Amino acid sequence: MKNQALKILKMTINIAILIVVIFVCVFIGKKAFNYAYNIANQSSSKNENIKEIEINIEKGATTKEIAEILKEKGLIKNSWWFILKSKYFKYDGKYREGNYTLSTDMTEEEIMDILTTQGAQIEVVRFTIPEGYTIEQIANRLEEENIVEKDEFMKALEEVNYDYDFLNKISGRDNYLEGYLFPDTYEVRKDAEASEIINKMLTRFDEIVKPEYYDRAEELGYTMDEIITIASIIEQEAKLDEERPKIAGVIYNRININMKLQMCSTVMYALDERKDKLYDKDLEIDSPYNTYLYSGLPIGPICNPGEVSIKAALYPEEHDYLFFVLKDEETGEHIFTKTLEEHNAAKIKYNQKF
């Protein structure tokens, strides 16, 4: 009887030890797996260029097919590891069809969780950037709407490298992204990084500015950066869409005869603060954006123009006008003239200083 009791006790101890060993093995196995996974997938430098990526998972897609989609979209680095991890953590076979918005800063576990919850909705925020907003105005709006802090946004503009072909040839000026944060209505995930928002706006610019726009710019003898600079001036000077090509024509006419552009909007941009109106002393500010002081185009765009202004810059109206004066402040209508005498008469008639 005593021997039987000892056998039972010994068996119980052995089972307990076995359970502990199994638990420890599983725990260590998971840690080892994660460690190996992270080593295999770590990048040489931290990827700060965060992007939102939309993917579609079709009905019946296998884990292997899903892994290939994720890798192709830049959401994971190693499809084989993703498949292995899916099997190990029991995600394999549970991924569901649907359209998903994922981010390049998500972990594999976050992606797996989203893909197994039938299109789990990421909480998003919506915001609108009007045509003609400057970078600073965009930053202010995003802060006012509690989307991202202004300082964080401005820091991300300077410190993150944005990999877009249209930015490669821009250098020698501050706020080099001015003109390229395309004005539109956007949805981003709540708590999105500033760089993620900037990437979304740059991607939209890349979608809007089609290859034929670059061909047209070359045909005109201008770089795309110069076209966007012209478009930004048009955006600030015009209120009526039908006047934008005509104002573009004035800009090109002045450039063609080496006449200073003398656009008030460029001086406004050069000032440290926005003003409702300009004074004579403002026209003397020493800035590469001051087209009253310097000939040719300013050093870069003065705002972020919409597509209508970009098209106007690419397809200006052909005419002989060199001047325009605001006729109606409420509607934004202008009077266009060909000579300085006509221009001065129009300024007197419509009580305009410049």
TODO: Hey, can you tell me all the residues within region 316-354 that are closer than 30 Å to ASP174 by Cβ, modelled with pLDDT of 95 or more and among the aromatic types (Phe, Trp, Tyr)?
DONE: PHE324
Open item on the list: Among (1) assigned to a loop (DSSP other than H, G, I, E, B); (2) within 20 Å of GLY306 (Cα to Cα), there is one condition ALA139 misses while meeting the rest; what is its number?
Closed with: (1)
TODO: Please indicate, with yes or no, whether at least one residue in region 227-240 is farther than 26 Å from ASP328 by Cα and touching a residue at least 60 places away in the same chain (Cβ under 8 Å).
DONE: yes
TODO: Output the residue which, of all residues in region 118-144 that are more than 23 Å from GLU235 (Cα to Cα) and at pLDDT 95 or above, is surrounded by the fewest Cβ atoms within 10 Å (Cβ to Cβ).
DONE: GLU144
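Quick grid of which residues meet (1) under 25 Å from the mean Cα position of the chain (by Cα); (2) touching a residue at least 60 places away in the same chain (Cβ under 8 Å):
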site	(1), (2)
ASP206	yes, no
ARG216	yes, yes
ASN258	no, no
ALA270	yes, no
ASP276	no, no
Task: Condition check for GLU243: buried (at least 18 other Cβ atoms within 10 Å of the Cβ) and among the acidic types (Asp, Glu) - done: yes
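The values are calculated or read from the model by the stated rules, or taken from the named source; none is laboratory data. What you see is a predicted model, and the numbers here were worked out from it, not measured in a lab. For neighbour counting, all protein chains shown are included, and Cβ atoms are generated from backbone atoms with ideal geometry for every residue, glycine included.
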